[in-house]
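The values are calculated or read from the model by the stated rules, or taken from the named source; none is laboratory data. As the structure is a computational prediction, the values presented were derived from the model and not from experiment. Methodologically, a virtual Cβ is constructed for each residue, glycine included, from the backbone with ideal geometry; neighbour enumeration extends over all protein chains shown.
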C-alpha cells in the first residue's frame, strides 16, 4: 500500500471517530523517523482511548501493525508508530502544552483535503 493511501485510511478512521483538529505534517525532509505525523486531539480521555482503539482495529484490517505504541498512564498522549506514519493522539490540554506543530514547524502542513486528490 502506498503511503498516501495509508494516510487516507488513517484520516478516514480518525474523522469517523470525531477526532478534533486533524493535522498532517510532512517531515520526510527533516528526519528519518517517518514521512508524516498525523496529530489529533480530543477534550476527554475516554475519547482519546477510543481513537487509539479505532486506529489499531481499523489499520489491522488492512494488515497494518504498529511498530510501537507509547502512551502515558492517563491517556493524555498516545503515539502509534506505523513506520512511515506516526500518529499522535492527544488530550487537548496536553497537545497545547507540547505544541508539536510548533516544534516541527519546518515540516510541511498537508491539508486533509489534498490527500484525496
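When each of 65, 22 is tested for being surrounded by fewer than 17 Cβ atoms within 10 Å (Cβ to Cβ), touching a strand residue (DSSP E or B) at 6+ places or on another chain (Cβ under 7 Å) and outside any helix (DSSP H, G or I), the lone residue that passes is 22. The single condition among (1) over 13 Å from the mean Cα position of the chain (by Cα); (2) part of a helix (DSSP H, G or I) that residue 33 does not satisfy is (2). Residues of the range 88-117 that are in contact with a strand residue (DSSP E or B) (Cβ under 8 Å, 6 or more places away or on another chain) and over 15 Å from residue 47 (Cα atoms): 98, 100, 101, 104, 107, 108, 109, 110, 111, 112, 115. Screening residue 39 with (1) closer than 20 Å to residue 1 by Cβ; (2) touching a residue at least 24 places away in the same chain (Cβ under 8 Å) gives one miss only, at (1). In the set 69, 65, 103, only one residue is over 16 Å from residue 21 (Cα atoms) and over 15 Å from the mean Cα position of the chain (by Cα); that residue is 103. Going by what's in this entry, would residue 48 be described as within 17 Å of residue 98 (Cβ to Cβ), surrounded by 14 or more Cβ atoms within 10 Å (Cβ to Cβ) and under 14 Å from the mean Cα position of the chain (by Cα)? Yes: the conditions hold for residue 48. The single condition among (1) in a loop (DSSP other than H, G, I, E, B); (2) surrounded by 13 or more Cβ atoms within 10 Å (Cβ to Cβ); (3) at pLDDT 95 or above that residue 79 does not satisfy is (1).
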